[in-house]
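The structure under discussion appears below in the form of structure tokens.
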Amino acid sequence: MSPPNMISTLFGHEKLSIIADSEDFLRECALLGLNTANISKLKKSPKNSIVFSFSNDAAKMTFELAKNTESKKSIFCATQVFEPSVTAALYSLKLLLSCNFEHALCTQRSVLNMLNSNELFLLSGNGADAQVSVFPHAQPYALLAEDVSHDFVQSVAEFFEVHYAHMNPQEPCPFSFSGTLKIAGILTVLRKPNPLLPEGLKTSLKWLSDRIAKEGGLLSIKDNTITSLKINNEEHIKLLDLAAGFRGLKLTEFAIGVNDAIALKIDYKINSQMNEGISGVHLAIGDGSSGYHIDFLSPSVNVNPIH
Amino acid sequence: MKNEKVVKEKLNRITSGPDNFGWAPLAWAHTEE
């Protein structure tokens, strides 16, 4: 099967392979007519690939193979840290294959230019009432067409968002956010079990995610600290504080999503990394290691400079 | 002579890669012990 037109922006009309460490997933991909290979049987990366790792070993193998391969273009989907199920991976793959990469990368360019050219921004639309300022000289993470014109191995998320990350808590946060946002969904990520976190968090967060997907939520933030998450007037901030670990309720990420193509297909009940690129904004707490990294997705929110 | 004002795009950015991963799980897999 030839890759769909949209993804040919990245891979041209050359052969594209789906790589994974789950035979069940690969079987489903083959049924869709896609070229597949099990990562454990490869000595080098295929020239063009989309990789779904269902385990940390497969993720490591992805990088080992990439190091051994001179010419490669690869989109990496770290399924193991989100939801390593065949259903979630197939959902992600189908969304991915329907995306307009050219449009997303082009939108990243204009968003990047806007963020770098201004300091204070108003968030509006979809019930948003918020402001964000970015510190002078703070640089966002962004991916432009020229970054993927030659060899690359990129996490799938990078194609669909421009984001500021507060990685090191000892350093100042590169942005300051205050206001309220309507939340359509959350994503939760923990890269490995952390014995310092309370038991049962995974189940509680799945329950919270399902509630928000069904009923929506209202997130309030003051000076980069989440002060409230309400679903139908019920407060859930204590669960967030427990789940985020020592980084607590302080924001660790502000991002602008640029993926228009998934708006009608998105399922907020699925913990898929593809969801976070949804056009609009998202905020996050936690670092995914000392505690959960939780993204709060607020679609259809516009970000405009305040002059 | 016509004066043309050229507005240059400001494209300073961090691009994910082996040294700068942001929150991309790419990094987490890569650095996992």
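Based on the reciprocal of the average 1/r between different C-alpha atoms, the Kirkwood radius for region A:226-307 equals 13.8 Å.
Mind running the shape call on the protein assembly as shown? Use the C-alpha gyration tensor, a ≥ b ≥ c as the square roots of the eigenvalues: rounded below 1.5 for a/c, prolate if a/b tops b/c, oblate otherwise. Oblate is the answer for the protein assembly as shown, as a/c is 1.5 or above yet b/c matches or exceeds a/b.
Rounded to the nearest whole Å³, what is the per residue volume of the convex hull around the Cα atoms of region A:43-199?
Values: hull volume 28.2 nm³, N = 157.
Residue-normalised Cα hull volume stands at 180 Å³.
Seen against the Cα atoms of chain A and their longest principal axis, helix A:101-117 is set at about 40 degrees.
How big is the dipole moment of region A:8-98 about its Cα centre under a simple scheme where the beta carbon of each Lys and Arg is +1, that of each Asp and Glu is -1, and everything else is neutral? Debye, nearest 20, please. Don't jump to the answer; show the numbers that get you there.
Values: 11 positive and 9 negative charges, 79 e Å.
Dipole of region A:8-98, to the nearest 20 debye: 380 debye.
Dipole size of chain A about its Cα centre, with +1 on Lys/Arg Cβ and -1 on Asp/Glu Cβ: approximately 500 debye, rounded to the nearest 20.
Residues of region A:204-242 with the amide nitrogen closer than 15 Å to a label point 7 Å from the Cα of A:N126, along Cα-to-Cβ, please. Those under the cut-off are A:212-220.
Here each label is just a point 7 Å from Cα along the line to Cβ, and for A:K250 and A:N35 those points are 4.8 nm apart. Peptides B:7-14, A:204-211 ordered by packing proxy, namely the average of other Cβ atoms within 10 Å per residue, highest first: A:204-211, B:7-14.
So which trypsin sites (Lys or Arg not before Pro) in region A:243-307 pass both tests, a DSSP loop state and at most 16 other Cβ atoms within 10 Å of the Cβ? Walk me through the numbers on the way to the answer.
Working: sites: A:R247, A:K250, A:K265, A:K269; in loops: A:K265, A:K269.
Answer in residue order: A:K265, A:K269.
Give a quick list of GluC sites (Glu not before Pro) in region A:179-253 that DSSP marks as loop, anything other than H, G, I, E or B, with at most 12 other Cβ atoms within 10 Å. Don't skip to the end; give the middle numbers.
On the way: sites: A:E199, A:E215, A:E234, A:E235, A:E253; in loops: A:E199.
Here the sparse-neighbourhood loop sites are A:E199.
Note on A:N233 and A:N68: the model spin-label points, each 7 Å out from Cα along the C-beta direction, lie 6.2 nm apart.
When a/c is below 1.5 the answer is rounded, else prolate if a/b is larger than b/c, else oblate, so apply that to region A:8-98 with a ≥ b ≥ c taken from the square roots of the Cα gyration tensor eigenvalues.
On the way: a/c = 1.57, a/b = 1.10, b/c = 1.42.
Because a/c hits 1.5 or more and a/b fails to exceed b/c, region A:8-98 counts as oblate.
Compared with the dominant principal axis of the Cα atoms in chain A, helix A:201-215 is inclined by about 80°.
Using a ≥ b ≥ c from the Cα gyration tensor of region A:102-305 (square roots of the eigenvalues), is it rounded, prolate or oblate, where a/c under 1.5 gives rounded and otherwise the larger of a/b and b/c decides, a/b for prolate?
Numbers: a/c = 1.39, a/b = 1.36, b/c = 1.02.
Rounded, because the longest to shortest axis ratio a/c is under 1.5.
Would you look at the GNM of chain A, springs on alpha carbons closer than 10 Å, and say which of A:T203, A:T36, A:T79 moves the most? Maximum fluctuation in the GNM of chain A, among the listed residues, is at A:T203.
For the listed residue pairs A:K60/A:K230; A:K67/A:K192; A:K72/A:K265, the alpha carbons are over 28 angstrom apart in A:K60/A:K230; A:K72/A:K265.
Starting with the fewest neighbours, write out A:H137, A:H103, A:H163 ranked by other beta-carbon atoms found within 10 Å of each beta-carbon. Write out the running numbers ahead of the final one.
Values: A:H137 8, A:H103 15, A:H163 24.
The order, fewest Cβ neighbours first, is A:H137, A:H103, A:H163.
Give the residue from A:L201, A:T36, A:H166 lying farthest towards the positive end of the charge dipole for chain A; charges sit on Cβ (+1 for Lys and Arg, -1 for Asp and Glu) and the dipole is referred to the Cα centre. Farthest towards the positive end: A:T36.
Each value in this text was obtained by applying a stated rule to the coordinates, not by laboratory testing. Every value quoted in this text rests on a predicted model; they were computed, and no experiment measured them. Don't worry about glycine lacking a Cβ; one is built from the backbone with ideal geometry, like all the others, and counts go over all protein chains shown.
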